[in-house]
Amino acid sequence: MKIDKESPLPAYAQLANMLRTAISRGEYPPGERLPAELTLAKSHGVSAMTARQAINMLEEEGLVDRKQGKGTYIRKIGVSSSSFTLDPLTNLFADKENLSVRIIKTAIKKTPGPEKEALGLLPNQPVVLVERVIYHCYQPVTLHVAYTKFDPKSPSVESMLDTVVLTELMFHEGNANFKRGVLHLIPAQLEKREAALLKLPENESVFRLEHLYYDFNNAAAAYGWFLVSHKKMTLKSKIGIWND
């Protein structure tokens, strides 16, 4: 493979593609040292700077490690560095034309519950409860249960009552009423009422995607969860070298 000087793709990107392909084919196995930049430059007819830029690309992609005074080595597969995304659910929520929301319940709750501990409230402090089912193409996708401190002047209450704002916060550009958040993914089984709302069997295994959002005063402002079937939200993480 040679550098195509007529290609609109920069020479360093072409060289990076060549090296990436060689790595994916096993020509440079994990732990092996890549040829020196000067060697790569000479063998491909490019400058040392071009070779360095190509190696920089591979390093940014996590394919290689530079070791001071020793050279550049192919990284070994690191399971600890893998991450799982919510892409299937994100893509579904992005299809706004086919989304609809049904409010199941809105209430002011005064009795103690785990949501008050999550929000840092006293047992006698009321919270706003909102339950909604979110549909895609008229089929139920997720049951969303959410709580926030009862304060009519707080923008969090308005956010909680909005049928789309929390899904926007989680899956799109975000919402100005919250500063940061924490997500927990927990295995769960559907209770009878939940199963009926989602049109799934009772005791079906699902993901419980808990969220806790904080306002700009760093106070816990909104707590709740989405119940999602594993068929709607699959978790997949690629590790190692993929040349695609």
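Observations on the structure shown:
- Distance from the alpha carbon centroid of the range 114-132 to that of the range 1-54 works out to 57 angstrom.
- Each of F178, F150 was scored by other Cβ atoms within 10 Å of its Cβ. Arranged with the fewest first, they read F150, F178.
No value in this document is a laboratory result; all are computed from the given coordinates. No experiment lies behind these values; they were computed from the predicted model shown. Note: ideal-geometry Cβ built from the backbone for every residue, glycine included; neighbour counts use all protein chains shown.
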